[in-house]
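**Q** Structure provided below as structure tokens; questions to follow.
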Amino acid sequence: MESASVLFSIDYLKETRALIDQILEDDLRIEMIEDIARGLRALRDESKGRLFILGIGGSAANASHAVNDFRKICAIETYAPTDNVSELSARTNDDGFESVFVEYLKISKFSSRDALLILSVGGGNIEKNVSANLVQAIRYARESVDAKVFGIVGKDGGYTAKNSNYALVIPTVHSDRITAHAEETQGIILHLLASHPLLKVAATKWESFK
């Protein structure tokens with residue numbers, strides 16, 4: 001008889017497969033991925049702008065990884081405010097966590113040529129005061145600067161999904177594991193984008209060996 005832990009591992013992997021299958025079978029989600037890819041290409045080639053990737057927790061780790069890939073593989077000038085822990089912690093200590101992203105963008109002279117990419121599970125919620133720093137950043141980008149906002153999120157009711165130019169909402173396949181599946185799928189979609197023929201301009205190292 002299989003142990004409970006083995007059954008959990010099998011179930012988790014089945015959930016991940018089911019999640020990807022749902023994306024594959026949804027033409028609107030596939031088109032949203034293509035819209036994000038086209039938007040990032042336009043940012044690089046037409047606007048000559050910069051990409052700022054915002055995420056908290058596990059999404060911040062995904063943001064840091066994506067900065068590397070978009071800069072090195074796609075030649076997009078990209079930044080993640082959470083990579084600068086000294087500034088992030090100083091602003092949090094002095095002014096509060098809610099304003100850290102907006103103030104980073106202001107100092108960076110964020111403009112209509114630039115864009116945000118929001119990585120989040122819930123996408124921010126004003127009423128519940130969750131991820132208020134993301135909400136403030138999106139408001140600043142859309143209302144004060146008129147910059148594009150892209151999102152990869154795990155819930156369709158959050159602020160990011162409702163207020164981005166283009167936002168991919170990751171399907172929910174198990175209500176107890178929304179966070180885990182959302183953050184792992186962010187990584188898949190980010191690698192898809194970095195490998196996308198509209199964006200990729202540099203060979204990756206191991207694939208260059210023949």
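**Q** Enumerate the pairs (first residue in the stretch 37-60 and more than 21 Å from Gly154 (Cα to Cα); second residue anywhere and surrounded by 19 or more Cβ atoms within 10 Å (Cβ to Cβ) and acidic (Asp, Glu)) with beta-carbon separation below 6 Å, excluding pairs fewer than 6 apart on the same chain, so at least 6 apart or on different chains.
**A** Once the first residue is more than 21 Å from Gly154 (Cα to Cα) and sits in the stretch 37-60, its partners that are surrounded by 19 or more Cβ atoms within 10 Å (Cβ to Cβ) and acidic (Asp, Glu) give Gly49/Asp114; Arg50/Asp114.
**Q** Another one. Within the set of pairs 6+ apart or on separate chains, which have a first residue in the stretch 86-105 that is closer than 20 Å to Gly124 by Cα and in contact (Cβ under 8 Å) with a residue 24 or more places away in the chain, a second that is crowded, with 16+ Cβ neighbours inside 10 Å and aromatic (Phe, Trp, Tyr), and C-beta atoms under 6 Å apart?
**A** Pairs that qualify, where the first residue is closer than 20 Å to Gly124 by Cα and in contact (Cβ under 8 Å) with a residue 24 or more places away in the chain and the partner is crowded, with 16+ Cβ neighbours inside 10 Å and aromatic (Phe, Trp, Tyr), are Val102/Tyr140.
A quick yes/no check of all residues on (1) modelled with pLDDT under 95; (2) touching a helix residue (DSSP H, G or I) at 6+ places or on another chain (Cβ under 6 Å); (3) not β-branched (Val, Ile, Thr):
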site: Gly58; (1), (2), (3): no, yes, yes
site: Ala75; (1), (2), (3): no, no, yes
site: Pro81; (1), (2), (3): no, yes, yes
site: Ser89; (1), (2), (3): no, no, yes
site: Ile118; (1), (2), (3): no, yes, no
site: Leu134; (1), (2), (3): no, no, yes
site: Tyr140; (1), (2), (3): no, yes, yes
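**Q** For the stretch 103-126, what are the residues that are of a type in the set (A, V, I, L, M, F, W, C) and surrounded by 22 or more Cβ atoms within 10 Å (Cβ to Cβ)?
**A** Of everything in the stretch 103-126, those that are of a type in the set (A, V, I, L, M, F, W, C) and surrounded by 22 or more Cβ atoms within 10 Å (Cβ to Cβ) turn out to be Leu105, Phe110, Ala115, Leu116, Leu117, Ile118, Leu119, Val121.
**Q** From the residues in the stretch 166-181 that are farther than 19 Å from Asp27 by Cα and within 14 Å of the chain's Cα centre (by Cα), which one is surrounded by the fewest Cβ atoms within 10 Å (Cβ to Cβ)?
**A** Top of the filtered list is Thr179.
The values are calculated or read from the model by the stated rules, or taken from the named source; none is laboratory data. Note that the structure is predicted; figures quoted are calculated from it, not measured. In this analysis, Cβ positions are derived from the backbone assuming ideal geometry, glycine residues included, and neighbour counts consider all displayed protein chains.
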